[in-house]
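Novice: Encoded as structure tokens, here's the structure I'll be asking about.
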Amino acid sequence: MRILITAGPTREYIDDVRFLSNASSGQMGYSIAAAALRGGHQVELVTGPVEIAPPAGCTLHRIETTEELRERCLQLFPQCDGVIATAAVCDYRPQQRIAGKITKTGQPVLLELTETSDVLAELGSMRGHRWVVGFALESQDPRNNAMRKLKMKNCSCIVLNDTSAIGSTENTVEVLSPDAETIAFFRGPKPEVAERLMVLIETAIAIRSDSSD
Ligand code: CTP
């Protein structure tokens, strides 16, 4: 299969040197990319800025902002069999990016923020026969929130994890189906969780998507 994977954080610039972002390390997405490559798949890895090296053999697309992530994904998705969206997307951006560097005035500064595009929702709306695996990072009412996202983004399944996953080398995930069934529960180092997720996608998710054509 040809698989689109999003990974890492996005950045939204306040001025030319300051930005809003989050502490995503990219490890989950990069581990899934490595597992997919080991499984003989082609990987299009669209990644925000991270400290780790991409797995050898993937096609790498570096992005910074949510809009860049969106544009690259919209371009690649039609040629892919499915998408795994692990990116920790920055949901808000400053209303405007100031050119240069804002100078301190000694006074409080108010930032007006607007929502960025929901990239996965857009991919879900154009998925056709493709499969769509979303991630849901939840701190409260996790199952209900994850199911709401699965439906809103038209996912084949959603991988629920909590905020302790951000920046950690380990992860605990529950995979939910569109019927709100728990189809898998994995816990361990991210490379191990990634390997098991990839097997689940190959043996259950991608096959189900094929047969619904
Ligand atoms: N996602 C996306 N574009 C966004 C926000 C999220 O593609 N603007 C994707 C993420 O990569 C993930 C899924 O949607 O696969 C859910 O992301 P999450 O951060 O858990 O939820 P949000 O939709 O951002 O909602 P909230 O922040 O309110 O929990």
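The values are calculated or read from the model by the stated rules, or taken from the named source; none is laboratory data. A quick note: this is a predicted structure, and the numbers were derived from the prediction, not measured. Calculation scope for accessible area: heavy atoms of the full protein, side chains included, ligands and nucleic acids excluded. Shrake-Rupley method; radii C 1.70, N 1.55, O 1.52, S 1.80 Å.
Novice: Considering only protein heavy atoms and a 1.4 Å probe, what is the carbon-and-sulfur percentage of the accessible area of the chain?
Specialist: Carbon and sulfur atoms account for 49 percent of the accessible area of the chain.
Novice: With every protein chain left in place, what is the accessible area per residue of the range 74-213 in square angstrom, probe 1.4 Å?
Specialist: Counting only protein heavy atoms, the per-residue value for the range 74-213 is 55 Å².
Novice: List the lysines whose alpha-carbon lies under 29 Å from that of residue 153, not counting same-chain residues fewer than 8 positions away?
Specialist: 190
Novice: Within the chain, which whole H helices from DSSP have a Cα span along their axis of at least 27 Å and a mean Kyte-Doolittle hydropathy of -0.5 or more, if any?
Specialist: None pass (Cα extent of 27 Å or more, hydropathy at least -0.5).
Novice: Which whole number in µm²/s is D for the range 1-56 by Stokes-Einstein, with the Kirkwood Rh taken over Cα pairs at 20 °C and 1.002 mPa s?
Specialist: Rounded to a whole number, D works out at 176 µm²/s.
Novice: How large is the direction-averaged shadow of the alpha-carbon convex hull of the chain, in nm²?
Specialist: 12.4
Novice: Counting pairwise Cα distances across the range 109-213, what percent come out greater than 17 angstrom?
Specialist: Within the range 109-213, distances greater than 17 Å cover 56 percent of Cα pairs.
Novice: One quarter of the convex hull surface, Cα atoms only: what value does that give for the range 87-127 in nm²?
Specialist: Across all orientations, the range 87-127 yields a mean hull projection of 4.4 nm².
Novice: So what is the calculated 222 nm ellipticity per residue for the chain, using -39500 (n - 2.57) for each DSSP H run with n of 4 or more, over all residues, to the nearest 500 deg cm²/dmol?
Specialist: My calculation for the chain gives -8000 deg cm²/dmol from helical runs alone.
Novice: Can you list the lysines whose alpha carbon sits under 17 Å from that of residue 101, skipping same-chain ones fewer than 8 residues off?
Specialist: none
Novice: Bin width 10 Å, origin at 0, all Cα-Cα pairs of the range 29-131: what percent of pairs per bin?
Specialist: Computed distribution, short to long bins: 12, 38, 28, 13, 7, 1.
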